[in-house]
1. Evaluate the charge dipole of the stretch 51-195 about its Cα centre and quote only its size in Debye, nearest 20, assuming +1 on the Cβ of each Lys and Arg and -1 on the Cβ of each Asp and Glu.
2. Give the distance, in whole Å, between the Cα centre of the stretch 155-181 and the Cα centre of the stretch 47-102.
3. Among Leu131, Leu160, Gly61, flag the residue with its Cα farthest along the positive direction of the charge dipole of the stretch 51-195, charges on Cβ as +1 for Lys/Arg and -1 for Asp/Glu.
4. Is there a pair in Lys50/Lys72; Lys50/Lys151; Lys73/Lys151; Lys77/Lys151 whose C-alpha atoms are over 24 Å apart, and which pairs would that be?
5. Just tell me which aspartates and glutamates come within less than 20 Å, Cα to Cα, of Lys166; anything on the same chain fewer than 8 places away is out.
6. Taking the solvent-accessible surface of protein heavy atoms with a 1.4 Å probe, what is the per residue accessible area of the stretch 51-195 in Å²?
7. How much of the accessible area of the stretch 51-195, in percent, comes from carbon and sulfur atoms when a 1.4 Å probe is used?
8. Compare Thr169, Thr133 by solvent-accessible area with a 1.4 Å probe and give them largest first, with all protein chains kept in place.
Amino acid sequence: MKLTLPENAPFSCSQKMWIKGFLDGINSTIQQQSNPSQPSLTEPSTASGKSITIAFGSQTGTAESLSKKLSKKLNSKGCISSIRDLASMTPDDLKNIEHLLLITSTYGDGEPPDNAATFHRLLHEETAPPLNTLAYSVLALGDSSYAEFCKCGRDFDQRLAALGAKRITPIVECDVDYDDPFESWTSQIELGLSAA
Ligand SMILES: Cc1cc2nc3c(=O)[nH]c(=O)nc-3n(C[C@H](O)[C@H](O)[C@H](O)COP(=O)(O)O)c2cc1C
């Protein structure tokens, strides 16, 4: 059921706007009660208290600076996030991580950035560990003028799933202008972490 104001209701424009806002609030409550699994926009974040590792693969600093931005945002919501350079990580480290947010660019002709190259190679070897206890999401930076668009991020996303890790949210691919997709990914992450 959705409450609406008839077009010909005898109210002024500003009165109609007020009533419409009032009805929208009631409609949102009705929808929430009939579908409690849907998170409410006004509900406090239950991502709070979660321990999160943000790992970055970056050649010229964009993924690294987005990692810092994300970390600040998540910490302000009560999460405990730490940032790791992929150059300092091995796939075995992922066995001790519950929530991984991986932000990476792609370089060369679909190659990982230098700091992520070893990790990328090791993760794709047969000796890579099973990662059934890991929940993750990937933000891939790229440029669609290259043939191998966002290849490194796609590789990580698929390989982590193949090793048994669960996606918190689907991969988000950014084409040159990354501000909006980054914001949208961040919002999805906050909701996804609440459920993870
Ligand atoms: C030399 C060079 C090669 C690149 N190769 C690719 C590529 O193969 N695929 C892609 O999607 N983006 C490619 N890009 C775009 C970068 O991934 C993109 O600019 C990214 O935002 C850079 O992030 P970073 O500063 O964290 O490294 C390339 C950029 C440069 C400068």
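1. Numbers: 13 positive and 21 negative charges, 131 e Å.
Once rounded to the nearest 20, the dipole reads 640 debye.
2. Centre-to-centre (Cα) distance: 14 Å.
3. The residue sitting farthest along the positive end of the dipole is Leu131.
4. Values: Lys50/Lys72 14 Å; Lys50/Lys151 29 Å; Lys73/Lys151 27 Å; Lys77/Lys151 31 Å.
Pairs exceeding the cut-off: Lys50/Lys151; Lys73/Lys151; Lys77/Lys151.
5. Within reach: Asp92, Asp93, Glu98, Glu125, Glu126, Asp155, Asp157, Glu190.
6. Solvent-accessible surface per residue comes out at 47 Å².
7. C and S atoms contribute 48 percent here.
8. Working: Thr169 10, Thr133 100 Å².
Ranked from most to least accessible, the order is Thr133, Thr169.
The values are calculated or read from the model by the stated rules, or taken from the named source; none is laboratory data. Model, not experiment: these values are computed from the prediction. Neighbour counts run over all protein chains shown; Cβ positions are idealised from the backbone, glycine included. When the accessible area is computed, the model is the full protein with side chains, heavy atoms only, and any ligands, DNA or RNA have been set aside. Shrake-Rupley method; radii C 1.70, N 1.55, O 1.52, S 1.80 Å.
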